[in-house]
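> Pasting a structure here, questions to come.
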Amino acid sequence: DTFDQSFFQRTELPYPIVTATDTHNGTPYIWGGDDEGYSLSAYTGSGQVQTLFHIDNGLPPLSGAVDAQQNRILWGSTQDYPESRGCVWSWGSKADIAKGLQSLAWTDNQISALSIFDRKGNPMMSDTMGVYTPSENGDYDSIWRSEIMDFGQAFNVNEVIIGLNRDLEPGDELEVTFKYDNESKEKKYLVDHTMFEQQMREGNRIMKFEPPQQGVQNMLIEIRFKCDASVVLPIKITYQLTD
């Protein structure tokens with residue numbers, strides 16, 4: 001408060017270093033960790049801190065690289081997987097859906113500062129090379145990865161149907177990759193405006209894939225966005241188990 005000359009309450013935190021804090025919708029959020037990863041936590045009152053999630057690759061954000069708007073909390077830091085680079089993370093979304101961790105944009109180096117600069121919630125970010133926005137030259141990919149789907153035996157994927165929130169425009173690109181058996185092999189598709197129009201089914205924003213690769217144990221899907229389109233869940237997968 002503004003009256004006491006010293007702290008009136010001590011809250012123990014589950015990590016050795018705190019690099020940033022932010023208050024959004026009345027809740028204090030805390031970023032803390034070490035060189036092995038970091039957590040985003042929320043102060044819930046009465047000296048209690050709830051860990052929302054833990055990221056085991058990348059450094060925690062600097063104090064000037066966090067911001068929030070509506071139902072989203074954004075911060076800039078680094079990531080080591082699937083590539084080493086600077087990254088903008090988001091907890092939550094503008095829509096009223098279950099909260100989750102999303103990668104919104106990336107740069108070549110660690111992001112040192114971040115601020116939401118418009119009503120759409122787009123972040124302006126900076127690293128050692130300059131200041132950027134995600135719309136400049138389409139340089140900033142966002143990567144979406146599914147959970148690992150474990151089939152327990154050999155399998156064939158017959159068809160995968162993925163929906164998007166909007167049509168792809170000239171210059172937009174998606175890179176859809178099917179990764180099999182602990183990412184030991186993969187099949188990659190580059191989807192642009194022309195290919196998207198050819199794959200659209202019944203006027204809907206739906207892409208259909210028939211990956212020829214066979215799997216032995218598991219699979220995941222990775223989509224790299226070179227535009228501001230997003231995946232509409234759920235994704236429909238038709239498969240067949242083999243001996």
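The values are calculated or read from the model by the stated rules, or taken from the named source; none is laboratory data. None of these values were measured; they are calculated from a predicted model. Heads up, the Cβs are rebuilt from the backbone with ideal geometry, glycines too, and the neighbour counts pull from every protein chain shown. These area figures cover heavy atoms from the full protein model, side chains too; ligands, DNA and RNA do not enter into them. Shrake-Rupley method; radii C 1.70, N 1.55, O 1.52, S 1.80 Å.
> Within segment 165-190, count every residue that is without any contact (Cβ under 8 Å) to a residue 60 or more places away in the chain, part of a loop (DSSP other than H, G, I, E, B) and surrounded by 14 or more Cβ atoms within 10 Å (Cβ to Cβ). Explain how you work it out, then say what you get.
The initial filter retains those residues of segment 165-190 that are without any contact (Cβ under 8 Å) to a residue 60 or more places away in the chain, namely 167, 169-190.
Pick out the ones that are also part of a loop (DSSP other than H, G, I, E, B) and you get 167, 169-172, 181-184.
Checking the rest, the ones that are also surrounded by 14 or more Cβ atoms within 10 Å (Cβ to Cβ) come to 172, 181, 183.
Number satisfying all stated conditions: 3.
> Mind counting the residues in segment 45-59 that are surrounded by 15 or more Cβ atoms within 10 Å (Cβ to Cβ) and over 15 Å from Gly100 (Cβ atoms)?
Number satisfying all stated conditions: 3.
> Given the condition modelled with pLDDT under 85, part of a loop (DSSP other than H, G, I, E, B) and of a type in the set (Phe, Trp, Tyr), answer yes or no: does some residue in segment 80-92 qualify?
There is at least one residue in segment 80-92 that is modelled with pLDDT under 85, part of a loop (DSSP other than H, G, I, E, B) and of a type in the set (Phe, Trp, Tyr).
> Filter segment 215-229 for residues that are farther than 27 Å from Ala154 by Cβ and open to solvent by less than 50 Å² (accessible area, probe 1.4 Å) and give the result.
Arg224, Phe225, Cys227, Ala229
> Please count how many residues of segment 28-43 are at pLDDT below 90 and assigned to a strand (DSSP E or B). Even if it seems obvious, please write down each step before you answer.
At the first step, the residues of segment 28-43 found to be at pLDDT below 90 are 34-37.
When the remaining residues are screened for being assigned to a strand (DSSP E or B), the result is 34, 37.
Final tally of qualifying residues: 2.
> Just to be sure I understand, how many residues within segment 184-198 are modelled with pLDDT of 90 or more and farther than 15 Å from Ile162 by Cα?
Final tally of qualifying residues: 4.
> State which residue pairs qualify: first residue closer than 12 Å to Gln79 by Cβ and aromatic (Phe, Trp, Tyr) and inside segment 105-122, second residue at pLDDT 80 or above and not in a loop (DSSP other than H, G, I, E, B) in any location, beta carbons under 9 Å apart, and separation of 6 or more residues or different chains.
Final answer for the pair search is Trp106/Gln79; Trp106/Arg85; Trp106/Gly86; Trp106/Cys87; Trp106/Val88.
> Next up: For segment 217-239, what are the residues that are farther than 12 Å from Ser103 by Cα and touching a Ser or Thr at 6+ places or on another chain (Cβ under 6 Å)?
Residues satisfying the conditions are Leu220, Ile221, Glu222.
> On to the next question. So which of Val157, Val231, Val216, Val176 is modelled with pLDDT of 90 or more and under 28 Å from Asn122 (Cα atoms)?
On the way: Val157 fails: under 28 Å from Asn122 (Cα atoms); Val231 fails: modelled with pLDDT of 90 or more; Val216 fails: under 28 Å from Asn122 (Cα atoms).
One residue alone meets the criteria, Val176.
> Looking only at segment 136-154, filter to residues that are of a type outside the set (A, V, I, L, M), modelled with pLDDT of 85 or more and under 21 Å from the mean Cα position of the chain (by Cα); which one of those is most open to solvent (accessible area, probe 1.4 Å)? I'd like the intermediate steps shown before the answer.
Pass one, segment 136-154, residues of a type outside the set (A, V, I, L, M): 136-142, 144-147, 150-153.
Applying the additional criterion that residues be modelled with pLDDT of 85 or more yields 146-147, 150-153.
Those still in the list that are under 21 Å from the mean Cα position of the chain (by Cα) too: 146-147.
On the way: Ser146: 27, Glu147: 154 Å².
Among residues in segment 136-154 that are of a type outside the set (A, V, I, L, M), modelled with pLDDT of 85 or more and under 21 Å from the mean Cα position of the chain (by Cα), the one most open to solvent (accessible area, probe 1.4 Å) is Glu147.
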